[in-house]
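Asker: This is the structure I have questions about; it appears just below.
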Amino acid sequence: MNKELKNEAVIQFSGGIDSLYVAYMLAQKYDRIHLLTFYKGYLHFGLNFSKPNIKNLKRLFGEDKIVFKVVNMKSLFKKMAVKNFFRDLKKFGNEISWCIPCRASMTIMSIIYAIENDIRDFTDGANWEQAPDQDNLLTTADNYPGYLKLLREFSKTYSVNYFSPVYNLNTRKERRDLLLEKGFYIDWNSLDVEKPKSLKNFVKKDFYKRYQPMCISGWLIHWKRNLFNKKEDVSEEKVLDLVEPKLRNIGKEFIKDCLSQKIK
């Protein structure tokens, strides 16, 4: 990475409440923010559903302030998760074997993007309310503090700074309310809906008014939660046991190959 780093930030941008709030917040602090929506393949649709909210960000902060890109990470995700999914499944379970490598793949691609564009900082919408030790049904293992610490340490080896600006900042409700006040759109199933992931919602018209991508494979991975309101039993130790060697081996090799190709 060049010595002259830009006052810009990369945001892993799903278009949901948390990453959208991060975009709104950081647009006030950085010269430019880069919103990266990642395509992993495997029943992943609607990558441009967030366009109305991106348009609103540009209205609020200026056209040149916001960069939006869809980044294809299918080949990396295949190496990180798909290739050994059934082997990992036996030891780690559905969510850890599928969703954790997905999030780690986003980190790898963010590091590459940051290095290529002389940017130091990248972030996401990680928050304490969605960490698995909370009572909320919609918790996910990629919000564990130890997992985020691992991502931070891995990024540091490339002189890239990963940080989590909203982790303990406020509540999702506060973030959602501010976004609605500023004219942003929020998916129906994030608006205090009872059993938001229920299969019954597929017959409701409002369910299909989407402002963030739809990951059908992720929905299927969380079938116990979505069909029976039962969280998968995951632990931080298992998360780290799975993802650390994948970052150390697959991740480092992938970054090395990508950067060497750019140099050529």
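The values are calculated or read from the model by the stated rules, or taken from the named source; none is laboratory data. Small disclaimer: the values here were computed from a predicted structure and weren't measured. So basically every Cβ, Gly included, is an ideal-geometry build from the backbone, and we count neighbours across all protein chains shown.
Asker: Report, ordered by the first and then the second residue, all pairs with beta carbons closer than 7 Å, sequence separation of six or more or different chains, a first member in the range 67-91 that is on the phi > 0 side of the Ramachandran plot, and a second member that is exposed (fewer than 15 other Cβ atoms within 10 Å of the Cβ) and modelled with pLDDT of 95 or more.
Answerer: none
Asker: Same structure, new question: What number goes with the only condition from (1) in contact with a Ser or Thr (Cβ under 7 Å, 6 or more places away or on another chain); (2) of a type outside the set (A, V, I, L, M); (3) closer than 16 Å to LYS182 by Cα that TYR42 does not pass?
Answerer: All conditions pass for TYR42, except number (3).
Asker: Another question, then. Might you let me know whether the range 116-123 holds any residue that is touching a His at 6+ places or on another chain (Cβ under 9 Å) and among the hydrophobic types (A, V, I, L, M, F, W, C)? If you could, list the steps in order and put the result at the bottom.
Answerer: Step one: list which residues in the range 116-123 are touching a His at 6+ places or on another chain (Cβ under 9 Å), which gives 117, 119, 122.
Narrowing the set further to residues that are among the hydrophobic types (A, V, I, L, M, F, W, C) leaves 119, 122.
Yes, the conditions are met somewhere in the range 116-123.
Asker: Still on this structure, I have one more. Can you tell which of GLU232, GLU236, GLU244 is within 21 Å of HIS44 (Cβ to Cβ) and touching a helix residue (DSSP H, G or I) at 6+ places or on another chain (Cβ under 8 Å)?
Answerer: Working: GLU236 fails: within 21 Å of HIS44 (Cβ to Cβ); GLU244 fails: within 21 Å of HIS44 (Cβ to Cβ).
Going through GLU232, GLU236, GLU244 in turn, just one is within 21 Å of HIS44 (Cβ to Cβ) and touching a helix residue (DSSP H, G or I) at 6+ places or on another chain (Cβ under 8 Å): GLU232.
Asker: Does the range 177-185 include one or more residues that are among the small types (Gly, Ala, Ser), out of contact with any Asp or Glu (no Cβ under 6 Å at 6 or more places or on another chain), surrounded by 14 or more Cβ atoms within 10 Å (Cβ to Cβ) and modelled with pLDDT of 95 or more?
Answerer: Step one: list which residues in the range 177-185 are among the small types (Gly, Ala, Ser), which gives 183.
When the remaining residues are screened for being out of contact with any Asp or Glu (no Cβ under 6 Å at 6 or more places or on another chain), the result is 183.
Applying the additional criterion that residues be surrounded by 14 or more Cβ atoms within 10 Å (Cβ to Cβ) yields none.
No, the conditions are met nowhere in the range 177-185.
Asker: Would you be able to tell me the number of residues in the range 234-264 that are assigned to a loop (DSSP other than H, G, I, E, B) and either touching a Gly at 6+ places or on another chain (Cβ under 7 Å) or hydroxyl-bearing (Ser, Thr, Tyr) (or both)?
Answerer: We begin by selecting, within the range 234-264, every residue assigned to a loop (DSSP other than H, G, I, E, B); these are 234-235, 264.
Narrowing further to those that are either touching a Gly at 6+ places or on another chain (Cβ under 7 Å) or hydroxyl-bearing (Ser, Thr, Tyr) (or both): 234-235.
So the count comes out to 2.
Asker: Within the range 1-28, how many residues turn out to be surrounded by fewer than 18 Cβ atoms within 10 Å (Cβ to Cβ) and assigned to a strand (DSSP E or B)?
Answerer: 2
Asker: Can you say whether ASN226 is closer than 14 Å to GLU95 by Cβ and either assigned to a helix (DSSP H, G or I) or within 18 Å of the chain's Cα centre (by Cα) (or both), as far as the supplied structure shows? Lay out the reasoning, then the answer.
Answerer: Numbers: closer than 14 Å to GLU95 by Cβ: yes; either assigned to a helix (DSSP H, G or I) or within 18 Å of the chain's Cα centre (by Cα) (or both): yes.
Yes, satisfied.
Asker: Starting from residues that are assigned to a helix (DSSP H, G or I) and touching a Phe, Trp or Tyr at 6+ places or on another chain (Cβ under 9 Å), keep the ones in the range 29-57 and report whichever is surrounded by the most Cβ atoms within 10 Å (Cβ to Cβ).
Answerer: Keep residues of the range 29-57 that are assigned to a helix (DSSP H, G or I), which gives 51-57.
If we keep only those that are touching a Phe, Trp or Tyr at 6+ places or on another chain (Cβ under 9 Å) as well, we get 51-54, 56-57.
Values: LYS51: 12, PRO52: 13, ASN53: 25, ILE54: 20, ASN56: 18, LEU57: 22.
Here the answer is ASN53.
Asker: Follow-up. If you go through the range 202-223, how many residues are in a helix (DSSP H, G or I) and either modelled with pLDDT of 95 or more or under 19 Å from CYS102 (Cα atoms) (or both)?
Answerer: The number of residues fulfilling the criteria is 7.
Asker: While we're looking at this one, here's another question. Looking at this structure, is VAL10 at pLDDT 95 or above, in contact with a Lys or Arg (Cβ under 9 Å, 6 or more places away or on another chain) and β-branched (Val, Ile, Thr)?
Answerer: Here the answer is no, as VAL10 does not meet what is asked.
Asker: Which residues, taken from the range 25-78, are over 18 Å from the mean Cα position of the chain (by Cα) and of a type in the set (Lys, Arg)?
Answerer: Selection gives LYS29, ARG32, LYS55, LYS58, ARG59, LYS65.
Asker: Six or more apart or on different chains, Cβ atoms under 6 Å: show the pairs whose first residue is in the range 208-226 and under 17 Å from LEU191 (Cα atoms) and whose second is of a type in the set (Lys, Arg) and not in a helix (DSSP H, G or I).
Answerer: Note: pairs meeting the criteria are ASN226/LYS197.
Asker: I've got another one for you. Would you be able to tell me the number of residues in the range 92-119 that are out of contact with any Lys or Arg (no Cβ under 8 Å at 6 or more places or on another chain) and of a type in the set (D, E, K, R)?
Answerer: 2
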